[in-house]
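Notes for the one structure printed next.
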Amino acid sequence: MSSRSERARTARARKVWPVTLRGHGPGGLVVLRPLRRSDADAWMALRLENSDWLGPWEATAPDGPHGTSPSFGAYVRLLAARAREGSVLPFAIEVDGALVGQLTVSSITYGSLCSAAIGYWVAESAAGRGIMPTAVALATDHCFETRGLHRVEVNIRPENRPSLRVVEKLGLRDEGLRRRYLHINGAWRDHRTFAITSDEVPGGLFARWQATWSD
């Protein structure tokens with residue numbers, strides 16, 4: 001991509017970030033809004049309370065940690081900078097005004113691929129209530145309708161049953177197993193890849209998801 005095209009893409013990304021997405025799911029109103037530095041206390045408390053729930057699925061560095069972990073403020077600033085560049089969309093997930101998790105759209109690529117990957121985590125108390133399928137559907141529609149992407153994928157460890165239920169509820173296509181795909185919880189782990197393309201949901205993924213539980 002030429003430098004002129006890169007500048008144009010960055011300028012367009014800045015016009016659509018920050019953004020807030022909202023949709024009613026079976027668990028109530030789900031709000032995706034930019035992660036903020038003011039979320040520090042609630043975010044860290046939520047992570048601490050759910051350390052056993054989230055620990056087995058945490059990304060790790062294959063050669064061990066490098067130096068001191070960045071502060072939450074530095075983490076948010078880095079994500080915000082990448083969001084303005086158009087490569088990442090870092091969302092906090094709220095239900096009834098309370099922080100319950102995080103969803104990040106990453107690896108945003110244009111050109112002949114026009115694709116992105118979605119990763120997420122949610123508090124154990126919010127699992128199984130349709131909150132995460134609603135959040136993934138909202139983010140996917142934003143990628144297709146506003147960002148002009150063609151494909152969105154989610155990569156999940158085969159043992160992570162709660163996360164698998166999210167993509168199953170949404171009807172994402174199972175594209176098979178990727179061997180030793182990501183370094184998770186101290187080792188290279190296999191992942192299953194699930195994906196959907198914009199032409200599969202011309203009316204939007206959120207509308208299709210809504211129809212499955214509102215009937």
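The values are calculated or read from the model by the stated rules, or taken from the named source; none is laboratory data. Since we're looking at a predicted model, the values are computed, not measured. As a convention, Cβ positions derive from the backbone with ideal geometry for all residues, glycine included, and neighbour counts pool all protein chains shown. Calculation scope for accessible area: heavy atoms of the full protein, side chains included, ligands and nucleic acids excluded. Shrake-Rupley method; radii C 1.70, N 1.55, O 1.52, S 1.80 Å.
For the reader, a short list of remarks on this structure follows.
- Only one of Ser51, Ser107, Ser38 that is surrounded by fewer than 16 Cβ atoms within 10 Å (Cβ to Cβ), of a type in the set (S, T, N, Q) and closer than 18 Å to Leu149 by Cα: Ser107
- Test: residue in segment 67-82 that is modelled with pLDDT of 95 or more, open to solvent by 20 Å² or more (accessible area, probe 1.4 Å) and of a type in the set (S, T, N, Q): no
- Options Leu89, Leu46; residue that is in contact with a His (Cβ under 9 Å, 6 or more places away or on another chain) and open to solvent by less than 50 Å² (accessible area, probe 1.4 Å): Leu89
- Flag for Gly101 being closer than 26 Å to Leu182 by Cβ, of a type in the set (Gly, Ala, Ser) and surrounded by 15 or more Cβ atoms within 10 Å (Cβ to Cβ): yes
- Taking segment 175-215 as the range and being of a type in the set (Asp, Glu) and assigned to a helix (DSSP H, G or I) as the test, the residues that pass are Asp199, Glu200.
- Exclusive hit being surrounded by 18 or more Cβ atoms within 10 Å (Cβ to Cβ) and in contact (Cβ under 8 Å) with a residue 12 or more places away in the chain, set Arg173, Arg178, Arg189: Arg189
- Residues in segment 133-169 that are part of a helix (DSSP H, G or I) and of a type in the set (S, T, N, Q) were compared, and the one that is nearest to Ser112 (Cα to Cα) is Thr140.
- Scanning segment 100-118 for residues that are part of a loop (DSSP other than H, G, I, E, B) and touching a residue at least 12 places away in the same chain (Cβ under 8 Å) yields Tyr110, Gly111, Leu113, Cys114.
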